[in-house]
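Enquirer: One structure is given below, represented as structure tokens, and several questions about it will come after.
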Amino acid sequence: MITDLPTPQITRRQFLQTTAAAAAAMPILIPVSALGREGSTPPSGRINLGIIGCGGMGRSNLGACAGQADVVVTAACDVWPDRLQQVVNQFKATCKGFHDFRELLQRTDLDGVIIATPPHWHALQAIAACKAGKDIYLQKPMTLHLGESLAVRNAVKKHGVICQVGTQIHASANYRRAVEFIRSGNLGGIGAVRAFNVMNQAPGGVGHSANHLPPQGLDWEMWVGPAPMMPFNPLIVQDAYNHCSWMDFSGGWTPGMAPHITDLPIWALDLGYPTEISSSGGRFVLQDDGDAYDNHEVLWRYPNLTMTWMSSLTNSFGFDFQGDLAPRRRLGIYFHGANGTMLADYDMFKVVPEGDRMKGRETPPQSIPASPGHEREWLDCIKSRQQPSCNPAYHTRVDVPLVLSLLSLKLGRTIRFDPKLEKITGDAEAAKLATPKYRSPWKFPTEYL
Ligand SMILES: NC(=O)c1ccc[n+]([C@@H]2O[C@H](COP(=O)([O-])OP(=O)(O)OC[C@H]3O[C@@H](n4cnc5c(N)ncnc54)[C@H](O)[C@@H]3O)[C@@H](O)[C@H]2O)c1
């Protein structure tokens, strides 16, 4: 279906309802292409897709979707015309460009949107998409604050939209096999989990640049949006790697990487929320224009285990399981069980038994079905109206511990959390700060709490 149609435009969902009603009422003539013969997907099966944030990751998600026979790229939005134009040019037969995401979301012919803006925008734009009835592929980190996390989850539920958070490694065969192994009980009781992401940016970090006027056309006011205003710095706009050096725009490298990594233990051990969150860190070694910590250590207390997180930008040693010693980025999760230790990363997992405690234990059979691909799963779910695996109701269990670790870092003290009430307890200041104050004219949507 060519999507830039004159009004009135209808969504795939409306098309289904209308044609079903019409078919029941009278015989209608439908062209062959509309029936999906000759190898084409019928309009009722096509998904009209938009994108908000046309940087590297958004374009990668869009490419994965646009390669599917049932997707039509209908609309794109970016506040930087150069970025926007790349997508509009690529899909020029069907795609219209927008500067303001609110206008894109008003398009009635749009079924779903990829949101791949910098993290400080995620909650507001996701909730706006929910209100507009659009299904969402929302890049990680889902949010930066407890209030945002719960509000996005609640908005998705309230408006009945389909949402997948962009932790694509969740779709991997390796994570599936690791989950099966953990769940087999072979490791025995697991009392501690250690997760980490380490790399060496020292001492120069992302570098230095004099503040100057934004490039032609880039709307800096809309890029900064609800975050505190800062002078334009060309370094921050490059990509997510660079956003991660600025606290207000990313929360640093913990939300930058941990959503992919702590997802595995939370999935495998079916963890709910932690009850205590302690964290410490600082900017110790890096000397660049950023302001985020270069080292961050977190301790989460769950009812039956503790989990720790280490983010270091000053040293990339991966403990003892990860082969060569050359400096490079390393990440992983150690599961410390009574019978043995598992180290898992994106690509593999290894198990080291405690003596002969794992003797005779067999590798569990495969039980978790293969993923069709993270974006494809979302597209399938748009059609089936079932939530995908990384929907916000699941992903708040990943996001909430991370955003509370940032709050603990900011306040320099342990946060206590009531998992049933989903509230911070015994700390009025922390509870207040958990819901952010946005820069005017943006307002936090308190109606979703
Ligand atoms: N899942 C992954 O493996 C992965 C990898 C990299 C990045 N990411 C995530 O993807 C997101 C984007 O990262 P990136 O590397 O593409 O960043 P980027 O800076 O390259 O792209 C972000 C784009 O959003 C645009 N933008 C900013 N404010 C906007 C607004 N109000 N409306 C519309 N567009 C706006 C920017 O101009 C920019 O083009 C981040 O949340 C990042 O954490 C995920």
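Enquirer: To the nearest 10 degrees, how steeply does helix 146-159 sit against the main Cα axis of the chain, on a 0 to 90 scale?
Expert: The angle comes out near 30 degrees.
Enquirer: Order these peptides, 228-234, 414-420, 132-138, by their mean beta-carbon neighbour count within 10 angstrom, highest first. Could you put the intermediate results ahead of the total?
Expert: On the way: 228-234: 14.4, 414-420: 16.4, 132-138: 24.6.
So the peptides 228-234, 414-420, 132-138, ranked by packing, come out 132-138, 414-420, 228-234.
Enquirer: Please list, or write none, the aspartates and glutamates whose alpha carbon is within less than 20 Å of the alpha carbon of residue 92, excluding same-chain residues fewer than 8 places away.
Expert: Within reach: 4, 70, 78, 82, 100, 103, 109, 111.
Enquirer: Probe of 1.4 angstrom, ligands and nucleic acids ignored: what's the accessible area per residue over the range 336-389, in square angstrom? Walk me through the numbers before you get to the answer.
Expert: Values: 3160 Å² over 54 residues.
Here the residues of the range 336-389 average 58 Å² of exposed surface.
Enquirer: For the chain, what relative contact order do you get, as a whole percent, if you take Cα pairs closer than 8 Å and at least 6 residues apart?
Expert: It rounds to 18 percent for the chain.
Enquirer: Would you work out what percent of the accessible area of the chain, with all protein chains in place, is carbon or sulfur (probe 1.4 Å)? The partial results should precede the final answer.
Expert: Values: 10680 of 19250 Å².
C and S atoms contribute 55 percent here.
Enquirer: Oh, and also: What lysines sit close enough to residue 131 to cross-link, taking a C-alpha to C-alpha distance under 18 Å and skipping anything fewer than 8 places away on the same chain?
Expert: Reachable lysines: 157, 158, 443.
Enquirer: For the range 50-170, what is the accessible area per residue in Å² when the probe is 1.4 Å?
Expert: Values: 3590 Å² over 121 residues.
Normalised by residue count, the accessible surface of the range 50-170 is 30 Å².
Enquirer: Now for a different question. Provide the packing ranking of 262-268, 376-382, 212-218, i.e. peptides ordered by the mean count of other C-beta atoms within 10 Å per residue, highest first. Mind showing how you got there, number by number?
Expert: Working: 262-268: 24.1, 376-382: 21.6, 212-218: 12.7.
Packing order, densest peptide first, comes out as 262-268, 376-382, 212-218.
Enquirer: Among 425, 435, 314, which one shows the highest mean-square fluctuation when the chain is modelled as a Gaussian network with alpha-carbon springs under 10 Å?
Expert: Checking each option, the largest mean-square fluctuation is seen for 425.
Enquirer: Follow-up question, since we're still on this one. Mind counting lysine pairs for me in the range 316-437? Cα separation below 22 Å, and the two need to be 8 or more apart along the chain or on different chains. Numbers along the way, then the final one.
Expert: Numbers: 350/359; 410/423; 410/432; 410/437; 420/432; 423/432; 423/437.
Pairs that pass both the separation and distance tests number 7.
Enquirer: Sticking with this structure for a sec: At what distance in angstrom do the alpha carbon centres of the range 139-216 and the range 366-402 lie from each other?
Expert: A separation of 13 Å, based on Cα centres.
Enquirer: Beta carbons within 10 angstrom, averaged per residue: use that to sort the peptides 74-87, 109-122, 191-204, highest first. Mind dumping the intermediate values first?
Expert: On the way: 74-87: 22.1, 109-122: 25.9, 191-204: 18.3.
The peptides rank, most packed first, as 109-122, 74-87, 191-204.
Enquirer: To continue, here is another question. Whenever you get a sec, line up 411, 343 from highest to lowest accessible area (probe 1.4 Å, protein heavy atoms). Don't skip to the answer; put the middle values down first.
Expert: Working: 411 35, 343 0 Å².
My answer, sorted largest first, is 411, 343.
Enquirer: On a 0 to 90° scale, report how tilted helix 173-183 is relative to the longest principal axis of the chain, with both axes built from alpha carbons and the result rounded to the nearest 10.
Expert: 50 degrees
The values are calculated or read from the model by the stated rules, or taken from the named source; none is laboratory data. Note that the coordinates shown come from a computational prediction; the quantities given were computed from them, not determined experimentally. When we count neighbours, we look across all protein chains shown, and the Cβ atoms used for this are built from the backbone with ideal geometry, even at glycine. Please note that ligands, DNA and RNA were not included when accessible areas were found on the heavy atoms of the full protein model with its side chains. Shrake-Rupley method; radii C 1.70, N 1.55, O 1.52, S 1.80 Å.
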